[in-house]
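Comments concern the structure below.
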Amino acid sequence: MHSAPQHHPRPTPAATGGGRHLPAGAAAVDPYDVDVSPESAGWGYSALRVLTLPPDGRHEFDTGDSEWIVLPLSGSCQVDVEDRTFELAGRANAFSGPSDFAYVPRDARATVRSAAGGRFALTGARCERRLAARYGPVSGVPVELRGSGACSRQVHNFGAADTFECDRLIAVEVVTPGGNWSSFPPHKHDEHRPGEESELEEIYYFEFTAADGVPGLGYQRVSPSADGGTDVLAEVRDGDVVLIPDGWHGPSMAVPGHHMYYLNVMAGPDAERAWLICDHPDHAWIRDTWPDQPVDPRLPLDSDPSHVRPEDPSQ
């Protein structure tokens, strides 16, 4: 006879891994569940806020010196900015496929409203240019199946550098089936090397599927790329954040039975907005094995594969 699952409470939220792993609640600042700014992260550009709204809830914010993408994690909303209203159909949850979104420029005042309530990510980057407010339809979000075998994952390139115009912001979502390794091989983007590597600060925000009432979890590794660099090995759960100013990041490991979602937010000082990475030399060979293995048959996890495109071998 099986006993009821025991859920062990987490300790009081506190930064770990040299302040780079922020367990759920550690980066909460009213009214946000997560509020990571360049100032709080100790860097220059990348930002993330996660906002939960009750039914008929609304939230106003000034964009300041940053551009933002409002992305539904669960639920739908309206975004009002510059005398325009963008209706975001959203989605049931982060595992039910990509979502539409709204781009909000710097030096503006925006309002997010939700009739039924929901949870919404605000991905941001300090920037110079003021671009027009725009709607991003879900039909324009390329869904990429990256890797193969146990390295298979699903990438929603809604705010990728080659997909949607921003000044500095780059943002994508990654869904990893339970038991798989994502962000692998480990890679970095902490040096400006034209044509080879970008200098980008990165935020990881995590969510997981539960199984039989048991919350999901995973593990995130960041290893130093230079003496004194970022060094994190963290157990990550719903609402956790990992900050990556430098270093080899990966793998992101989803434990068996629980799918992993993470939202990546990136920005940096390079004049060219590009995602150029360098693989860890000890593990780069793993990419060469992918053509000989099938993609995990569980992918895509959502029911609509119409936007799926083949992997770009350069990524």
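For the reader, a short list of remarks on this structure follows.
- Near pairs, Cβ below 9 angstrom, 6+ apart or cross-chain, from the range 283-299 (within 14 Å of residue 182 (Cβ to Cβ)) to any residue that is β-branched (Val, Ile, Thr) and modelled with pLDDT of 95 or more: 299/175
- Positions within the range 85-120 being hydroxyl-bearing (Ser, Thr, Tyr) and either modelled with pLDDT under 95 or touching a strand residue (DSSP E or B) at 6+ places or on another chain (Cβ under 8 Å) (or both), in sequence order: 85, 99, 103, 111, 114
- Residues that are assigned to a loop (DSSP other than H, G, I, E, B) and of a type in the set (Gly, Ala, Ser) within the range 188-200 comprise just one, 195.
- Of the strands (runs of 3 or more DSSP E) contained entirely in the range 70-143, those carrying at least 2 residues that are crowded, with 20+ Cβ neighbours inside 10 Å fall at 84-91, 101-104, 109-114, 118-126.
- So residue 27, is it in a loop (DSSP other than H, G, I, E, B), at pLDDT 95 or above and within 15 Å of residue 123 (Cα to Cα): yes
- Whichever residue in the range 144-163 is touching a residue at least 40 places away in the same chain (Cβ under 8 Å) and in a strand (DSSP E or B) and, among such residues, is surrounded by the most Cβ atoms within 10 Å (Cβ to Cβ): 154
- Checked against (1) without any contact (Cβ under 8 Å) to a residue 60 or more places away in the chain; (2) under 17 Å from the mean Cα position of the chain (by Cα), residue 200 meets all criteria but (1).
- Residues (in contact with a Lys or Arg (Cβ under 6 Å, 6 or more places away or on another chain), charged (D, E, K, R) and without any contact (Cβ under 8 Å) to a residue 60 or more places away in the chain) located in the range 37-86: 58, 62
- Sub-7 Å Cβ pairs linking a first residue in the range 127-139 that is among the β-branched types (Val, Ile, Thr) to a second residue that is in a loop (DSSP other than H, G, I, E, B), at least 6 apart or interchain, are 138/98; 138/99; 138/100, ordered by first then second residue.
- Residues (within 20 Å of residue 269 (Cβ to Cβ) and buried (at least 24 other Cβ atoms within 10 Å of the Cβ)) located in the range 169-188: 169, 170, 171, 188
- Of the strands (runs of 3 or more DSSP E) entirely within the range 201-268, those holding at least 1 residues that are acidic (Asp, Glu) and surrounded by fewer than 21 Cβ atoms within 10 Å (Cβ to Cβ) occupy 232-236.
The values are calculated or read from the model by the stated rules, or taken from the named source; none is laboratory data. Worth saying up front: this structure is predicted, and the values here are computed from it rather than measured. Please note: Cβ atoms are built from the backbone with ideal geometry, for glycine as well, and neighbour counts cover all protein chains shown.
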